[in-house]
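In what follows, a structure is listed as structure tokens, so that the remarks can point back to it.
Computed from the coordinates by the stated procedures, all read-outs in this text should not be read as laboratory data. These numbers come from a predicted model, not from an experiment. Cβ atoms come from the backbone with ideal geometry, glycine included; neighbour counts cover every protein chain shown.
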Amino acid sequence: MGYPDSELAVTIVGDRAIRVLNRDYLGKDRPTNVISFSMQEGEFGGMNPLVLGDVVISADTTAREAEEGGMPFFSRLCFLMLHGMLHLAGFDHERSGEAEARRMEAKEKEIFALLEKEGLV
């Protein structure tokens, strides 16, 4: 994705913790599956170009979604991590319109298929 030497942090939490983050930072008072916090945006964005940001994933929501989707927990977790990483790489399915959402979904499918092919998920 063009960030070969970059760093990011991945944190796995429960629904209670991600709900607090979602409420305090995004104004949505409910748990969600994944939230990304870019270190390349905002007042000090770009201060350290090697640090992309943070991806926070709810294990509780991941488990529910995996069960509902009939997939292994690890596969769903990997997909959500990929989704969060794409946000840190500049993809946005929420604010940039339908075309960008389709572009992000296509990239998710492409990368996830490569991970599956390599037996990593």
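Mind listing the phi-derived Karplus ³J(HN,Hα) values for segment 82-94, rounded to whole Hz, using 6.51, -1.76 and 1.60 with θ = phi - 60°, and x for any glycine or proline?
Going residue by residue, I get 4, 4, x, 5, 5, 4, 5, 7, x, 6, 8, 9, 9 Hz, with x marking Gly and Pro.
Considering the options 96, 8, 22, tell which one lies farthest towards the positive end of the dipole of segment 7-117, charges being +1 on Lys and Arg and -1 on Asp and Glu at the Cβ, about the Cα centre.
Working it through, the farthest residue towards the positive pole turns out to be 22.
Cross-link candidates for residue 117: which lysines have Cα within less than 23 Å, leaving aside residues fewer than 8 places away along the same chain?
107, 109
Please list, ordered by chain and number, the residues whose modelled amide H lies under 5 Å from the amide H of residue 10; skip anything fewer than 5 residues away on the same chain.
55
Hey, could you pull the Cα Rg and Dmax for segment 15-119, both in Å?
Calculated on Cα positions, Rg and Dmax stand at 14.5, 42 Å.
Using the Karplus curve 6.51 cos²θ - 1.76 cosθ + 1.60 with θ = phi - 60°, what ³J(HN,Hα) values do you get for each residue of segment 22-29, in whole Hz, with x for Gly and Pro?
Along segment 22-29, the couplings run 4, 5, 6, 9, 10, x, 10, 8 Hz.
Which order, highest average first, do 85-92, 69-76 follow once you tally other Cβ atoms within 10 Å for each residue and take the mean per peptide?
85-92, 69-76
Restricting to Cα pairs below 8 Å that are 6+ residues apart, what does the relative contact order work out to for segment 34-99? Please round to a whole percent. Intermediate results must be reported in sequence, preceding the final value.
On the way: 64 pairs, mean separation 22.3, N = 66.
Dividing the mean separation by the residue count of segment 34-99 yields 34 percent.
Determine the principal axes of the Cα atoms in segment 68-107, then give the extent along each, sorted from largest to smallest and rounded to whole angstroms.
Reported extents, whole Å, longest axis first: 30, 19, 15.
Can you list the HN-Hα couplings for segment 51-63, worked out from phi with the Karplus curve (6.51, -1.76, 1.60; θ = phi - 60°), rounded to whole Hz and with x for Gly and Pro?
Result, rounded to whole Hz: 9, 6, x, 10, 10, 10, 10, 8, 5, 5, 5, 4, 4.
Over segment 7-117, what is the relative contact order in percent, taking alpha-carbon pairs closer than 8 angstrom and at least six residues apart?
Across segment 7-117, relative contact order equals 24 percent.
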